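The values are calculated or read from the model by the stated rules, or taken from the named source; none is laboratory data. Just so it is clear, the structure is predicted and the values come from calculations on it, not from any experiment. Here the Cβ positions follow ideal geometry from the backbone for every residue, glycine too, while neighbour counts run over all protein chains shown.
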Amino acid sequence: MTKKFALILIGLLVGYIALSAISANNGFSATINGYRLPTPVDALSGAFGIAVAIIVMFFVGILLVCIFAGVGMILVGVFAMVLFILAAAALPFMIPLLLPLLVIWLFCCILKAAFKTPKRV
């Protein structure tokens, strides 16, 4: 399917180039009051240009989504690394605050184990 689409696209491109080459050198142009009249080939080339622009913008959008997703993953990794470094740097300063909390926690665990009610079977 992809090969067929590629061959069709190449055929259209070659046809467009041939049509442009023929229309540019045919020596016929209608001019009224100094303005060149548009021909069907001009309309075809304009429509083809719009179609190509739409396709290119679609693929550029897909590329940007992938790039921004990758950048987002890198930023999340950097953020996690910075938080890890900050936590490692702050841990020695947190020990005096965490030791009383540890003592209270152990005291509560001992009390809970002492007053534990037996389970009914």
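Taking L64 as the residue in question, decide whether it is of a type in the set (A, V, I, L, M, F, W, C), modelled with pLDDT of 75 or more, out of contact with any strand residue (DSSP E or B) (no Cβ under 9 Å at 6 or more places or on another chain) and not in a loop (DSSP other than H, G, I, E, B). Against the criterion (of a type in the set (A, V, I, L, M, F, W, C), modelled with pLDDT of 75 or more, out of contact with any strand residue (DSSP E or B) (no Cβ under 9 Å at 6 or more places or on another chain) and not in a loop (DSSP other than H, G, I, E, B)), L64 qualifies. Go through the residues of the range 68-80 one by one and say whether even a single one is part of a loop (DSSP other than H, G, I, E, B), out of contact with any strand residue (DSSP E or B) (no Cβ under 8 Å at 6 or more places or on another chain) and β-branched (V, I, T). No, the conditions are met nowhere in the range 68-80.
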